[in-house]
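What follows is one structure encoded as structure tokens, with my remarks underneath.
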Amino acid sequence: GALAAAAMPAPPAWLVPALAAVVVVAGAWAYAGSLRGAFVLDDVRAIVRNPTIRTVWPLSVPLSPPSESTVAGRPFTNLSFAVSYALGPSTADAIDARSFHLGNLLVHLAAALVLLGVVRRTLASPRLGARFGAAAPWLAAAVALLWAVHPLTTAAVTYVVQRAESLMSLLYLLTLYGAIRAHADPGSRWWPAAAVASCACGMATKEAMVTAPIAVALWLWLFGSGEGRRAGP
């Protein structure tokens with residue numbers, strides 16, 4: 001049945017962690033210089049002049065971002081900035097940018113790892129597993145590595161306020177990954193809950209997240225079983 005077809009060829013236990021480590025190291029090396037960056041442009045209104053990020057608790061404060069800035073209507077993004085402020089050496093008089101840049105880099109690397117998981121499980125799905133299952137870890141790592149170091153993602157990593165973009169991407173991928181895992185394990189309660197929670201947080205991060213449920217439905221239709229529409233030649 002579909003569940004039997006969904007069973008992936010088991011790679012060596014060390015392979016996926018090793019490939020993930022390569023992706024993380026490469027991404028960290030590519031963007032290590034961003035940790036020395038300063039606040040620029042919209043960072044000033046969204047972070048430097050934003051009093052709602054000066055505390056994490058009560059949550060009602062960071063979840064109520066000011067209007068007329070990049071974080072307006074994006075409470076989860078604003079909360080993430082409050083966490084960066086709390087974890088950094090910032091003071092009431094000066095906000096240190098390093099913890100914010102580090103937060104952006106960590107979000108980007110986490111997204112690369114989740115992308116690796118999504119691609120690996122897609123290539124080993126009932127639709128594609130016969131052709132790509134054995135090579136899935138290597139191909140997925142190649143895709144994730146390209147994501148991690150590609151210049152196209154530079155602004156989302158180095159421009160602090162664009163964490164709205166990278167954090168939404170991470171939550172989008174987590175939603176899809178959770179749905180994929182839930183489909184493979186229908187008895188699981190954790191994975192459906194993780195997908196729903198990620199989607200909800202993503203909706204509060206950036207408006208483009210609204211397409212995530214459509215992406216999940218398309219994945220299930222194209223790759224979720226061996227009887228659906230062909231995904232390609």
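The values are calculated or read from the model by the stated rules, or taken from the named source; none is laboratory data. Just so we're clear, the structure is a prediction, and the values are computed from it rather than from any experiment. Using ideal geometry, Cβ is built from the backbone for each residue, glycine included, and neighbour counts are taken over all protein chains shown. Protein only, heavy atoms only, side chains kept; ligands, DNA and RNA dropped before computing areas. Shrake-Rupley method; radii C 1.70, N 1.55, O 1.52, S 1.80 Å.
Please give the peptides 106-118, 62-74 ranked by average Cβ packing (other Cβ atoms within 10 Å per residue), highest first, as a rough proxy for protection.
106-118, 62-74
Residue separation times 0.36 nm, minus the C-alpha to C-alpha distance between THR91 and ARG54: what's the value?
12.4 nm is the gain from fully extending THR91 to ARG54.
Full extension from ALA13 to TRP221: what is 0.36 nm times the residue separation minus their Cα-Cα distance, to one decimal in nm?
This chain segment gains 71.9 nm when fully extended.
If you take every residue apart from ALA144 with its C-beta less than 14 Å away from the C-beta of ALA144, what net charge results, scoring Lys and Arg +1 and Asp and Glu -1? Intermediate results must be reported in sequence, preceding the final value.
Working: positive: ARG120, ARG121; negative: none.
Once positives and negatives cancel, what remains is +2.
So how far, in whole Å, is the C-alpha centre of segment 166-204 from the one of segment 101-156?
16 Å
In the Gaussian network model of the chain, springs joining C-alpha atoms below 10 Å, which of ALA46, ALA197, ALA13 carries the largest mean-square fluctuation?
Taking springs between Cα atoms under 10 Å, the residue moving most is ALA13.
Of (1) 35, 27, 14; (2) 26, 20, 18; (3) 36, 20, 14, which is the value of semi-axes √(5λ) of the Cα gyration tensor in Å derived from the coordinates here?
Label of the calculated value: (3).
With a 1.4 Å probe and every protein chain left in place, work out the accessible area per residue of the chain in Å², rounded to a whole number.
That works out to 50 Å² per residue.
Could you grab the relative contact order for the chain? Cα pairs under 8 Å, six or more apart, rounded to a whole percent.
The normalised contact order for the chain reaches 24 percent.
Any chance you could tell me what percent of the C-alpha pair distances in segment 82-161 go past 16 Å?
The share of Cα pairs beyond 16 Å in segment 82-161 comes to 60 percent.
At a threshold of 8 angstrom on Cα-Cα distance, excluding pairs fewer than six apart, so keeping six or more, what relative contact order does segment 1-136 reach in percent?
Computed value for segment 1-136: 30 percent relative contact order.
How many percent of the accessible area of the chain is carbon or sulfur, using a 1.4 Å probe?
Here it works out to 69 percent.
Using only Cα atoms, find the angle between the long axis of helix 190-203 and the longest principal axis of the chain, and express it within 0 to 90 degrees, rounded to the nearest 10.
The two axes meet at around 40 degrees.
According to the square roots a ≥ b ≥ c of the eigenvalues of the Cα gyration tensor, what is the shape class of segment 103-233, taking rounded for a/c under 1.5, prolate for a/b larger than b/c otherwise, and oblate for the remainder?
Oblate.
Of the listed peptides 169-182, 150-163, 209-222, what is their order by residue-averaged count of other C-beta atoms within 10 Å, with the highest listed first?
Values: 169-182: 23.6, 150-163: 18.1, 209-222: 15.2.
Highest-to-lowest ranking by the protection proxy: 169-182, 150-163, 209-222.
In nm, to one decimal, how far is the GLU68 label point from the ARG98 one, both placed 7 Å along Cα→Cβ?
3.5 nm
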